[in-house]
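J.: My questions will all concern the structure given below.
The values are calculated or read from the model by the stated rules, or taken from the named source; none is laboratory data. Keep in mind it's a predicted model, so treat the numbers as computed, not measured. Cβ: placed from backbone, ideal geometry, glycine included. Neighbour counts: every protein chain shown.
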Amino acid sequence: MCGMPTPWACTCGGTVKRYKGALIMAKERYPSLRKPASRAYFQIEMFFSKFFVVLAAAAIVAAGPNAKRQEVGPACSYVLKPDAAVDGLNLDREFNYVLGFALAEEVDGPIYNPGTTFIDNGDGTFYVKSEIAAIGVPNEKVAEIVEGWKGETKNGEPVNGVHWLVESVDCVA
């Protein structure tokens with residue numbers, strides 16, 4: 001049947017035309033595909049291949065270990081007392097803010113705060129544990145800064161309006 005070639009052959013008017021594949025068939029049907037690719041096409045292709053290599057290299061570098069980042073700070077235990085009722089507050093977020101903001105102010109730089117754990121002591125105080133670190137500051141120095149908070153009042157989240165007295169603090173670097 002003429003006009004309906006198979007991938008192998010087409011009979012038209014008693015002659016057989018052989019095709020080596022679908023690409024050759026497409027070029028026969030669509031003459032615009034026979035034109036060679038332009039120089040601009042090869043330049044664009046080269047740009048994107050180089051761009052991909054640069055992007056892959058940047059991703060590898062970014063995924064590598066960061067020598068300045070500390071994974072864990074000194075293990076510190078605090079007894080904190082609020083100056084107002086804390087019913088309904090998200091205390092996880094509150095303690096992370098209190099300790100993180102206080103340390104960030106003291107070191108005037110970025111901190112790493114993996115979070116806190118706490119226990120309500122039942123007497124209006126909370127026992128809080130954290131391993132907060134200051135980026136680029138040795139753990140011994142962070143422990144010294146944090147232990148200096150004993151007897152000080154630290155600000156909680158501004159929207160809550162609660163201030164926290166640091167009754168006691170002990171750190172192990």
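J.: Taking the stated definitions as given, is ILE111 surrounded by fewer than 19 Cβ atoms within 10 Å (Cβ to Cβ) and of a type in the set (A, V, I, L, M)?
T.: In short, no.
J.: Within region 82-97, can one find any residue that is among the β-branched types (Val, Ile, Thr) and within 23 Å of the chain's Cα centre (by Cα)?
T.: No, because not a single residue in region 82-97 is among the β-branched types (Val, Ile, Thr) and within 23 Å of the chain's Cα centre (by Cα).
J.: Going residue by residue through region 81-95, is there one that turns out to be assigned by TED's automatic domain parsing to the domain that holds VAL159, small (Gly, Ala, Ser) and closer than 15 Å to SER168 by Cβ?
T.: No, every residue in region 81-95 fails to be assigned by TED's automatic domain parsing to the domain that holds VAL159, small (Gly, Ala, Ser) and closer than 15 Å to SER168 by Cβ.
Results for (1) at pLDDT 90 or above; (2) among the hydroxyl-bearing types (Ser, Thr, Tyr), shown as yes or no for each residue.
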site	(1), (2)
CYS76	yes, no
LYS81	yes, no
ARG93	yes, no
THR117	yes, yes
GLY122	yes, no
GLU140	yes, no
ILE145	yes, no
SER168	yes, yes
ALA173	no, no
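J.: Next question, about the same structure. So how many residues does region 105-128 have that are in contact (Cβ under 8 Å) with a residue 24 or more places away in the chain and assigned to a helix (DSSP H, G or I)?
T.: 2
J.: Right, something else. Considering region 77-104 alone, what residues qualify as being polar (S, T, N, Q) and without any contact (Cβ under 8 Å) to a residue 60 or more places away in the chain?
T.: Answer for region 77-104, where residues must be polar (S, T, N, Q) and without any contact (Cβ under 8 Å) to a residue 60 or more places away in the chain: ASN90, ASN96.
J.: Separate question: Looking only at region 149-161, which residues are part of a loop (DSSP other than H, G, I, E, B) and either at pLDDT below 95 or charged (D, E, K, R) (or both)?
T.: Answer for region 149-161, where residues must be part of a loop (DSSP other than H, G, I, E, B) and either at pLDDT below 95 or charged (D, E, K, R) (or both): LYS150, GLU152, GLY156, GLU157, PRO158, VAL159, ASN160, GLY161.
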